[in-house]
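Okay, structure first, notes after.
The values are calculated or read from the model by the stated rules, or taken from the named source; none is laboratory data. The structure presented is a predicted model; accordingly, all values stated were derived computationally and were not measured. Ideal geometry is used to build each Cβ from the backbone, glycine not excepted, and the neighbour counts take in all protein chains shown. Remember, those area values only see protein heavy atoms, side chains included, never the ligands or the DNA or RNA. Shrake-Rupley method; radii C 1.70, N 1.55, O 1.52, S 1.80 Å.
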Amino acid sequence: MPLALLALAVGAFGIGTTEFVMMGLLPDVAADLDISLPTAGHLVSAYALGVVIGAPLLAAATARMSRRTVLIALMALFVAGNALSALAPGNGALLAARFLSGLPHGAFFGVGAVVATGLVAPERRARSVSLMFLGLTVANVVGVPAATLMGQHLGWRATFLAVSAIGLAAIASLALLIPAERGEGTPRVGLRGELATLRSVPVWLALGTTVAGFGALFAAYSYITPMLTDAAGYADTSVTLLLALFGVGATAGNLLGGRLADHAMRATLFGGLASLVAVLGLFPLLMRTEWTAALAVILLGTAAFVTGSPLQLMVMEKAAAAPSLASSANQAAFNLANAGGAWIGGLALAAGYGVTSPALAGAALAVLGLGVAAVAYGVDRRRGALAGAHERLVAGSSRRDAEAVRG
C-alpha cells in the first residue's frame, strides 16, 4: 500500500481522538468551567453538529480545488478549532470552538476516501479506505485513553493542545506524502456536478443504509456503560478498558471489511449487517456474565465496522462522476446515525424495557439497514437490466442498418 495512506491515517487518528475524548473529559471540563454535567454534554453535540453541517458544505465549497490542497486546508481548520478549544475562556467560547473543530471532520474523510482510492489499483480500493479509517479505530484504542489520561493529570486544555500537535503532524504528512500528480490529476466537475450526484436514488439509498446500520451501533454503544455495570456486574473503573476492547474489535472489523469488500462489496455489506443483527439480538444474554459481556463488546465493534469500508465505497461508486460531495455526505450520515441511534436507544430505556433494551432497538435498526440495502440492490439490478436491454436494442438496430446498406 502507498505510504501516502499513512498521512490520511494520521489525520484520521487526530480527528477520532478529538471526537471521542470529550466524553471522558466532561467531568473535568464541567468542574473547571463551573457548569453542570448536562450543560457540558452540549459540547459533544456541538462537535456532531459541526460534522453534519460542515461535511456537505465544505465539500461543495472546495469542489474545484485540488484534493491535496483541500485536505491540508481542512486539517488546518481542525488545528485551529482544537487550539481555540484549549484557549477558550468559558463555555460559550468552547462550544463555538468545538463546532469549528467538527466542521472539517466529514469533508476530510469524504475527500480523503476519494484520494485513497485513487492511489491504488481498482481491486484494492476498499482496502485503501479501510487503512485510512484505521486511524479512526486506533484512536479509540490508543488516542482516546491516552488523551483522557493526559487531561485528568495535566488539565483538559493540555489534551486539546496535544490534539492540535497531531493535526500539525498530519498537515506535514499530507504535504510530504500525498503525490500531487495522483491526488490532483483527476478532472474536476465543479459544484454543479457534485450537487447533481445528490439527485441520484442509489446515492440516497446508500446514505440511508449508513444511517440505519450505524444507528444500530450507536443505539447500543451509547448505553454500553450501564449495560456493563448494571447487567454484567463490572465496576465503574473497568469500563475504560472494556471500551478499548471495543476499539480493538472495530479495528479488526475495519481491516476485515476492507479486505472482503475488495472481493465482494455487496456480500460484505449484507454479511456485516446480518452479523450486527445477531450480535445485538444476543446482547441480553451476553450481558449476564463478565466474560461474555467483554466478548459482546468486541463483537459489536467488529460487526459494525465490517460495514464501514463497503458503505463508503458504495456511496462513491453511485456518484462516480463526482464522488467528493457524496462521500462527505456519508460522514454526515454517520453522525446523524450517532444522534438518532442514541435517541432511539434512549426511548427503549425510558420505556422501562430494561438496561439491555437499547441493544434490541439497535437490532431492529440493523434489520432496517438490511432492508434498505436490499432495496438498493434491487434498484441496481433493475437499472442494470434496463441498461442491458437498451444496449441490445441499439446493437440490434445497428446490425439491421448495416444489413440494409449491404442489401
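Relative contact order for the chain using alpha-carbon pairs under 8 Å, separation at least 6, rounded to a whole percent?
In percent, rounded to a whole number, it is 24.
Would the range 264-389 count as rounded, prolate or oblate if I go by the C-alpha gyration tensor, calling it rounded below 1.5 in a/c and otherwise prolate when a/b exceeds b/c, oblate otherwise?
prolate
Can you pull the semi-axes for the chain, root of five times each eigenvalue of the Cα gyration tensor, sorted largest first, whole Å?
Working through the eigenvalues yields semi-axes of 38, 27, 18 Å.
When all protein chains stay in place, what accessible area (Å², nearest 10, 1.4 Å probe) is found for ASP34?
In the full protein context, ASP34 sits at about 140 Å².
Roughly how much of LEU149 is accessible, in Å² to the nearest 10, using a 1.4 Å probe?
The accessible area comes out at roughly 100 Å².
Solvent-accessible area per residue for the range 246-329 at a 1.4 Å probe radius, Å²?
32 Å²
Quick one: plug the Kirkwood hydrodynamic radius of the range 128-167 (C-alpha pairs) into Stokes-Einstein at 25 °C, 0.890 mPa s, and report D in µm²/s.
Rounded, D is 228 µm²/s.
Accessible area of HIS153, 1.4 Å probe, to the nearest 10 Å²?
Its accessible surface works out to 140 Å², give or take rounding.
Suppose we take every Cα in the range 1-158 and form the convex hull; what volume per residue is that in Å³?
103 Å³
Using alpha carbons only, how many angstrom separate the centre of the range 333-369 from the centre of the range 219-281?
Centre-to-centre (Cα) distance: 14 Å.
Just to confirm the number: angle between the C-alpha axis of helix 265-286 and the first principal axis of the chain, 0 to 90 degrees, nearest 10?
With both axes taken from Cα atoms, the answer is about 30 degrees.
What list of ³J(HN,Hα) values in whole Hz, one per residue of the range 310-317 in order, does the Karplus curve 6.51 cos²θ - 1.76 cosθ + 1.60 (θ = phi - 60°) give from phi, with Gly and Pro shown as x?
Working through the residues one at a time gives x, 5, 5, 5, 5, 4, 5, 5 Hz.
Using each residue's phi in the range 325-341, evaluate 6.51 cos²θ - 1.76 cosθ + 1.60 at θ = phi - 60° and report the 3J(HN,Hα) Karplus result to the nearest Hz, with x for Gly and Pro.
5, 5, 5, 5, 4, 5, 6, 5, 4, 4, 6, 5, 5, 4, 5, x, x
Which order do you get for THR251, THR209 if you rank them by accessible area with a 1.4 Å probe, largest at the top?
Listed by decreasing accessible area, they come as THR251, THR209.
Which is farthest toward the positive dipole end of the chain among LEU325, GLY24, ALA93, measuring Cα position about the Cα centre, with Cβ charges +1 (Lys, Arg) and -1 (Asp, Glu)?
LEU325
With 5 Å bins from zero, work out the P(r) of the range 37-119 over every alpha carbon pair and list the percent per bin.
3, 16, 24, 22, 15, 10, 6, 3, 1
Consider a paramagnetic label point 7 Å from the Cα of ARG259 along Cα→Cβ; state which residues of the range 270-304 have an amide N under 20 Å from it.
270-276, 298-304
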